[in-house]
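*Asks:* Take a look at the following structure, please.
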Amino acid sequence: MSGRRPPPPRQAKNFRERLGALRNLGPFLAMVWQTSPWLTAASLALRLVRALLPVAALFLGKLIIDDVVALLGETPRPDSPWAWYASGRLDWLGWLVLAEFGLAILGDLLGRVVGLVDTLLGERVANTASIRLMQHAATLDLKAFEDATFQDQLDRARRQTSGRMQFLGYLLNQVQDLLTVASFAAGLLLYAPWLIALLLVALVPAFLGESHFNAQSYALDYFRAPERRELDYVRATAASAETAKEVKVFGLNGFLIDRYAQLSAAFYAGNRRLALRRAGWGGAFTAIGTAGYYLAFAFIVWRTLEGAFSVGDLTFLAGSFRRLRQLLEGLLTGFSTTASQALYLDDLFRFFEVKAEILSPTNPLPMPAPIRQGFVFEDVGFRYPGAERWAVRHLSFTLNAGEVVALVGENGAGKTTLVKLLTRLYDPDEGRILLDGRDLREYDLDGLRAGIGVIFQDFVRYNFTAADNIAVGRITAREDTARIERAAQRSQADAVIARLPEGLAQMIGKRFKNGFELSGGEWQKIAIARAYMREAEVLILDEPTAALDARAEYEVFARFKELSQGKTAVLISHRFSSVRMADRILVLAEGKVESQGTHEELLAEGGRYAELFELQAAGYR
């Protein structure tokens, strides 16, 4: 994988490790604040008000009950409540009831406003996290994406961008509950401080239990990343437009369904075991908390009977203790959940720590325009990460400016690797590549790639409009219709576009509604247009014409030869009728240039090129 590899996976076996994961809350909250300071501040301010409403409502209830008890204890008592009303004795009670009603209305309104603010903020945070992930992924090296471990990490990070809305609301609710706990605790401290200590002791077992099982859940989820990716892949393969033909023709439905059933059954079994243990221990811990509550309640009742507390005090203390127990239980278990979620956040922020190795130097050289000398490979060697075999080694040749060079060789000879090295998708492990006499690593990376137009054999079929499919070759010129049309005409894709119902505006591919599917050859002409759209100094076609018939491929390469006049060009093809039009042909074998020359020179030499040419020619006789 590219860059500094993060430390090994955390299994979160102990409380200290789970606490350590809370370090991610700082960067997460900073990201939330940067996303929208106004919405974040509004959410916190509204929650501050909501946090004080429960204790205020309960205290008003205490005053109401005490006033009612006082009225009922008066002697002589009036014959009806109307007498109290007429005497004005109910005025204070009426104001108290009206105040409690007002708090209830205010609480409902604040709840809806907080929900609205949280929804808007959560959406923006999820979008911001997704954009940041895509931006960071765009900076990483190609070899990172070809590493299975990195793919697992990327999958976990991607899941965190979409799951942060719920966690953000949960975290803000924790802050609100913490403020409410403080207000209830202040009330209890005035009456019986030891009740709070009893409450904490009773709730600690539940907290430790939840903390343990949250960590177990995370560990289970962490190590399932490869299986989850396989599960998603099997599900997509069994029901997608891209695979439907082969799945039906080869009768793969049963195989795919069975594979999905096996994987999902293993997931279910692991979840079931954890859920059963969690439910059993959770029930026991909850019983301890309930026992602590009723012990405290019995004490409050006893003190009320002794005359130490009024009936209103009894109601306030019992209600406060019950709410405090619920809130503290939620906070303690929520703290464990927060620590667990912080472990998941770790997946996101550790992904952001991965750094690219292929970068521009501090003071980069601009891409030469035009190229004056060309490229020189000097004893270049490269081996893919984790591979024992060298993809290319002791590779030396020159690609002169303005020259059209064809690369030929059997599969695995290193042709595509050579192109990747030329575009700095990889850097050599040995030797160096020069451009106009300077090491390729001295040039600005973005400028270098912008100066090269390349279409690989496994080009992407974008489910965009035809215009956008071509414009991706130079996306900054997306609005330049004339340039798009010119690129289409050069690649012979203009005939394909002419048959589309909506022309360049036609959505192609079958993923979306009204999409128009193209044949393999038509897709390839659209892809080749991207290289011409780039209008680059260097043009590279890496076997992009495999779906074209021999005549169509010949016409494409003939046009390529004509349009690459004055440019440096590389073409790769297995058809010798096409490569023979190159100025020079390089024959690659086992990662090295075995021979080079024109078509006639290589045939006269009688080596590998002549052998492969005769094998191919025999198929047409």
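The values are calculated or read from the model by the stated rules, or taken from the named source; none is laboratory data. Nothing here was measured: the structure is a model prediction, and the numbers come from that model. Note that each Cβ is placed from the backbone with ideal geometry, even for glycine, and that neighbours are counted across all protein chains shown.
*Asks:* Which residue, of R461, R486, is of a type in the set (K, R) and more than 30 Å from D427 (Cβ to Cβ)?
*Replies:* R486
*Asks:* Could you grab me the full set of residues in region 239-261 that are surrounded by 15 or more Cβ atoms within 10 Å (Cβ to Cβ), at pLDDT 70 or above and farther than 21 Å from R159 by Cβ?
*Replies:* L256, R259
*Asks:* If T416 meets every condition in (1) more than 22 Å from V570 (Cβ to Cβ); (2) in contact (Cβ under 8 Å) with a residue 24 or more places away in the chain; (3) not charged (D, E, K, R) apart from one, which number is that one?
*Replies:* Unmet condition: (1).
*Asks:* May I ask you to say which residue of D480, D436 is at pLDDT 90 or above and on the phi > 0 side of the Ramachandran plot?
*Replies:* After applying the criteria, what remains is D436.
*Asks:* Within region 507-610, which strands (runs of 3 or more DSSP E) (wholly inside it) include 2 or more residues that are under 17 Å from F456 (Cα atoms) and not basic (K, R)?
*Replies:* 538-542, 568-572
*Asks:* OK, next. Quick check on my filter: what residues within region 93-115 are of a type in the set (D, E, K, R) and surrounded by fewer than 12 Cβ atoms within 10 Å (Cβ to Cβ)?
*Replies:* Passing the criteria: D108, R112.
*Asks:* So which residues in region 354-394 are assigned to a strand (DSSP E or B) and charged (D, E, K, R)?
*Replies:* Scanning region 354-394 gives E378, D379, R393.
*Asks:* When the residues of region 376-399 are filtered to those that are of a type in the set (A, V, I, L, M) and touching a residue at least 40 places away in the same chain (Cβ under 8 Å), which remaining residue is surrounded by the fewest Cβ atoms within 10 Å (Cβ to Cβ)?
*Replies:* V376
*Asks:* Could you identify the single residue in G431, G402 that is touching a Phe, Trp or Tyr at 6+ places or on another chain (Cβ under 8 Å), at positive phi and surrounded by fewer than 21 Cβ atoms within 10 Å (Cβ to Cβ)?
*Replies:* Testing whether each residue is touching a Phe, Trp or Tyr at 6+ places or on another chain (Cβ under 8 Å), at positive phi and surrounded by fewer than 21 Cβ atoms within 10 Å (Cβ to Cβ) leaves just G431.
*Asks:* Are any of the residues in region 440-461 part of a strand (DSSP E or B), crowded, with 22+ Cβ neighbours inside 10 Å and of a type in the set (S, T, Y)?
*Replies:* yes
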